[in-house]
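The values are calculated or read from the model by the stated rules, or taken from the named source; none is laboratory data. No experiment lies behind these values; they were computed from the predicted model shown. Cβ: placed from backbone, ideal geometry, glycine included. Neighbour counts: every protein chain shown. Accessible surface is based on the protein model in full, side chains and every heavy atom, while ligands, DNA and RNA are left aside. Shrake-Rupley method; radii C 1.70, N 1.55, O 1.52, S 1.80 Å.
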Amino acid sequence: MAKPKYQRVLLKISGEGLCAPGKSGIDGDQLLRLAEEIKLVVELGVQVCAVVGGGNIVRGSDIAKGSQIEETTGHYMGMLATVINALAVQDTLESIGVATRMQSALAIESVCERFIRRRAIRHLEKGRVVIFAAGTGNPFVTTDTGAALRATEVRADVLLKATKVDGVYTADPETNPDATRIERLTYNDILDKRLAVMDVSAIDLCQRAGIPILVLNLRQPGNMRDVIMGSGAGTIISADG
Ligand code: UDP
């Protein structure tokens, strides 16, 4: 049987991946679909960790606008939103028999472990899916940067960035029928052309650590597993494209 291309992967799941299309909050069916996709990868023997976003509940910069909430507080609220999402992902994975551990960048000791790098690596080695919550633990950045940071810390072979479409396109494929998917890009292509794939700080961290970023669609059944096996649709971003 063919071997997976990657042994240890970090999956970045945005908050919008946890709600029904066009809605906010958390949707049980979407969660289950996501968990099934992760399970397919775990069954390959690949070590999986995930950074969960919080945009389906709170984005720090948005909540501060038009309210008396300080922006810094808003960002902490956003980080707490990722904790809510991570708990939802954890229970759903466990409900289908996937062993997990959750670690938070903010101490919430009755709910989950605190992020401890060496412990996270040990969980991965034991085949547990590690769910990272609360981003970096610092305001004014996003969970994309948290994902790049954790990917670097646990020495992931690839950062899988789940989006609504199966890669980076020449134009917005939802509005432009002529848009075509780009198979390969360099980190510098993303930075120079200011392509809205991930935050600049996330791209920069991955570039420095030499971690490729694979942009893929998680809502396409089996696609993440196929991408990890070397087929499947996505865009790979690396030093040499
Ligand atoms: N956030 C933060 N520091 C971090 C990660 C997240 O302050 O390290 C806050 C920030 O306000 C952000 C919110 O948490 O808007 C939710 O995360 P994000 O927007 O990255 O979620 P996603 O878009 O992936 O759902």
Could you say which residue among 97, 74 is over 12 Å from residue 133 (Cα atoms) and either at pLDDT below 95 or more than 10 Å from the ligand (Cβ to nearest atom) (or both)? 97
Working only within region 55-71, note down all residues that are of a type in the set (Ser, Thr, Tyr) and within 8 Å of the ligand (Cβ to nearest atom). 61
So, of the residues in region 153-183 that are modelled with pLDDT of 95 or more and within 20 Å of residue 235 (Cα to Cα), which turns out to be farthest from the ligand (Cβ to nearest atom)? 157
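Quick one: in region 25-54, of everything that is part of a strand (DSSP E or B) and either more than 16 Å from the ligand (Cβ to nearest atom) or of a type in the set (Phe, Trp, Tyr) (or both), which residue is surrounded by the fewest Cβ atoms within 10 Å (Cβ to Cβ)?
47
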Name the pairs: first residue in region 96-118 and in contact (Cβ under 8 Å) with a residue 40 or more places away in the chain and farther than 14 Å from residue 150 by Cβ, second residue open to solvent by 40 Å² or more (accessible area, probe 1.4 Å) and in a loop (DSSP other than H, G, I, E, B), Cβ to Cβ under 9 Å, at least 6 apart or on different chains? 98/128
So which pairs qualify, if the first residue must be in region 55-71 and closer than 12 Å to residue 140 by Cα and open to solvent by 90 Å² or more (accessible area, probe 1.4 Å), the second must be within 6 Å of the ligand (Cβ to nearest atom) and part of a helix (DSSP H, G or I), the Cβ gap must be under 6 Å, and the two must be at least 6 apart or on different chains? 59/78
If you check residue 9 against the conditions, is it of a type in the set (A, V, I, L, M, F, W, C), away from the ligand (no atom under 11 Å from the Cβ) and touching a helix residue (DSSP H, G or I) at 6+ places or on another chain (Cβ under 8 Å)? yes
